[in-house]
Amino acid sequence: MKKFILLVSAWLGFATTATVHAQVESTPYAFTSTITASGEEGLRLPARLGMQYWDNVVLYDDPEGFVLTDDTKMLKAVWSGFANSNARMSIWYSAEWKVQGESGEETKTFSTGNQGREEWPTINWASIWTVTDSYDLSTYGDAASENSISWILAQDPQAKITITKITVNNFCYMEPDVALYDLESLEVAGQIVETLPAQPNGADYYGGTFTVVNNGNQPFGIATFEIPQQYRGGYVRLDISEGAEYNWGLNLNFDQGGAHYNYYGHHVKQIGNSYYYEIPDEATTMNPQMWKEEADNGTTPWTVKVDGFYLTNGFDDSSVYTDEFFPLEADEMKLNYFGDGNAFDDATKQLTLVEGGAAGWSLNTDFSVYDYAVVVLNEPAHDDFSFRFFDENNYWSAATENSAVGNGNLYASYKLDELQKKVNEELIDFNESQVYIACFWAAGWGQGKTTHSLSHVFLTNVLPDWKNPDVRTTTADNYGTVCFEYPAVVSGAYIYTVEGKDAEGTTLYLKPYNGVLAAGVPYIYRSINDEGVNFYQMESEEAKNEAPVTRNGLVGCLNATVSEGGYALHTDNVWYKIDQAVTFTNRAYLDLDAVPVLADEEAAAANVNRMVLGDWETTGIDEVKASPAQVDDEAVYNLSGIRMDADNLPKGIYIRGGKKFIVK
């Protein structure tokens with residue numbers, strides 16, 4: 001997202017494009033063997049690692065090694081998650097260097113052998129990597145520590161140092177919890193690393209790519225582990241993003257009351273790329289393995305990409321509602337399928353197209369698990385604005401009456417199984433291919449450039465309830481809070497979630513959110529115009545959440561009464577202390593103590609917006625600081641910011657003209 005600063009009395013937060021997740025409890029489990037049937041060893045990147053106590057994972061291992069030079073000295077990585085700031089690194093190396101002895105120049109040698117040399121927390125490599133994503137191996141160790149790389153180079157800058165092995169050490173011996181590390185990419189000695197060596201040394205792998213030959217050849221095993229009580233009677237969830245077509249299965253070996261038996265399970269449910277298998281109520285341990293049927297006599301290898309293995313007590317809706325294929329960011333879009341000069345503004349989500357211009361996304365995914373593609377706009381688009389599908393050689397499209405998203409509409413849905421392509425004059429179903437181009441197209445001949453305001457573009461199996469929106473009368477540039485028991489989309493507003501606060505508690509760090517609104521998750525919205533804001537819920541029992549959550553201090557409420565201890569956002573864009581009973585319905589309030597503190601450098605790295613709040617401790621319900629231009633003297637609001645009928649007020653506390661009054 002483009003960085004911009006907002007100095008207003010409201011707040012924002014989290015990721016720009018995200019998949020909605022059901023509020024179910026899940027625990028990830030790891031692959032302990034990554035030796036494929038074809039003999040390939042290691043874990044392909046990107047990967048998730050889990051380490052406990054003094055576990056470690058090998059990033060590089062080669063008996064021949066590489067010589068440390070200016071071209072090879074930088075170890076580079078991209079971590080999307082790094083959970084343990086006490087982690088450090090060990091390096092195995094040999095060295096030869098020259099020193100001036102009593103009888104002339106002498107050659108010295110040193111080798112770490114099988115022990116390695118560990119970098120101590122005084123030079124904390126984890127902190128360095130989380131900031132710079134790189135590490136200079138020539139600075140390894142302390143120059144005062146004999147035989148460290150720094151010490152050797154201080155004796156002889158021309159020393160020959162050969163690196164043979166590099167490991168990450170969790171070094172968390174006081175913590176029983178598993179620390180998770182998400183490694184996206186790695187570069188060692190100037191070379192891109194695609195596969196880590198198969199030496200986890202206690203570390204667990206949470207995903208990878210495996211080649212299956214036939215039944216009996218196990219591409220990976222999952223270590224026998226205990227099934228916690230909360231998952232007995234629940235499900236095993238296997239996430240497979242590529243290759244899961246047919247003649248494969250998951251062999252679930254359960255131990256049930258001391259009796260060990262094999263269970264060749266067939267999944268009981270598929271949601272997107274997630275496959276669910278039942279766990280017996282009495283099962284105490286399990287050791288699953290994947291296999292492939294010998295339908296082709298074991299002669300054709302078959303590759304499967306496994307993204308995760310979980311125990312769960314419910315179904316995850318991450319593939320029921322998703323916009324992961326349609327990120328609303330200029331860097332993630334192809335803006336010039338047709339026509340030069342198309343543009344997308346990340347901050348306003350406005351797409352500008354030249355005459356006949358088309359812009360959108362290149363996709364490589366299986367649409368067959370979804371029923372609809374949905375487009376939601378923040379304002380009606382140009383009449384000739386449509387959403388179309390293409391492939392490399394053929395034109396794809398819905399029927400003409402279903403392709404337009406203009407003509408005054410704020411939304412459009414496309415039934416995927418009705419989409420067809422024409423090949424040699426024969427119509428072929430849309431779902432028979434997994435490679436697509438999805439793009440917006442503006443014919444607009446003679447109209448020049450046109451601008452269209454997007455809100456959501458996503459895939460779903462359940463449509464929003466277009467006929468029954470939750471309507472908020474919030475006017476342009478004013479803010480409100482929202483929380484629903486079902487996933488939802490919005491038209492006429494920008495959505496935000498909180499990222500943190502400064503040390504003084506007077507500024508909130510905020511980040512735009514472009515995804516489908518998750519069930520039970522609280523958000524802040526800002527109205528775009530004076531016509532109000534429409535929220536459309538997607539009512540599905542699989543995604544329903546009756547227990548709203550708190551995210552970084554914003555407390556979701558479906559229907560809850562709060563007496564004191566938080567702050568309510570009023571229509572004048574001021575947060576007021578709650579000192580009387582306030583009922584929040586499909587809204588949220590702020591628990592300032594639960595908002596995490598972000599250092600300035602953390603806020604800068606998170607690319608957040610800012611909100612200046614003033615003195616939290618003195619801004620109470622009796623101290624209203626509203627701008628006269630924002631207050632209708634005749635309008636009456638409750639403490640949740642809902643406009644009330646001034647002639648029919650029930651008992652409670654209200655605000656009119658910037659002042660509090662009580663109806664008894």
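Nothing in this text is a laboratory measurement; each read-out follows from the coordinates by a stated rule. Computed from a prediction, not measured in an experiment: that's the story for all the values here. Cβ coordinates were reconstructed from backbone atoms using ideal geometry, including for glycine residues, and neighbour counts include every protein chain displayed.
Once the Cα-Cα distance is subtracted from the 0.36 nm per residue extended length, the Lys108 to Thr550 segment shows a gain of 153.1 nm. Between Gln230 and Ser94, the contour length at 0.36 nm per residue exceeds the Cα-Cα span by 43.9 nm. Sorted ascending by nearby beta carbons within 10 Å, beginning with the fewest, Leu459, Leu377 become Leu377, Leu459. The stretch 519-558 and the stretch 342-360 have their alpha-carbon centroids 28 Å apart. Positive contributions from Lys and Arg (+1) and negative ones from Asp and Glu (-1), summed over other residues with Cβ under 14 Å from the Cβ of Ala359, come out at -3. Protection proxy ranking, highest mean first, for peptides 540-546, 109-115: 540-546, 109-115, where packing is the per-residue count of other beta-carbon atoms within 10 Å, averaged.
Can you tell me which of 494-500, 354-360, 473-479 comes out highest on packing, and rank the rest after it, using the mean Cβ neighbours within 10 Å? List each step's numbers first, then the result.
Numbers: 494-500: 23.9, 354-360: 20.4, 473-479: 18.3.
Ranked from most to least packed, the peptides come out as 494-500, 354-360, 473-479.
Here each label is just a point 7 Å from Cα along the line to Cβ, and for Asp530 and Lys269 those points are 4.8 nm apart.
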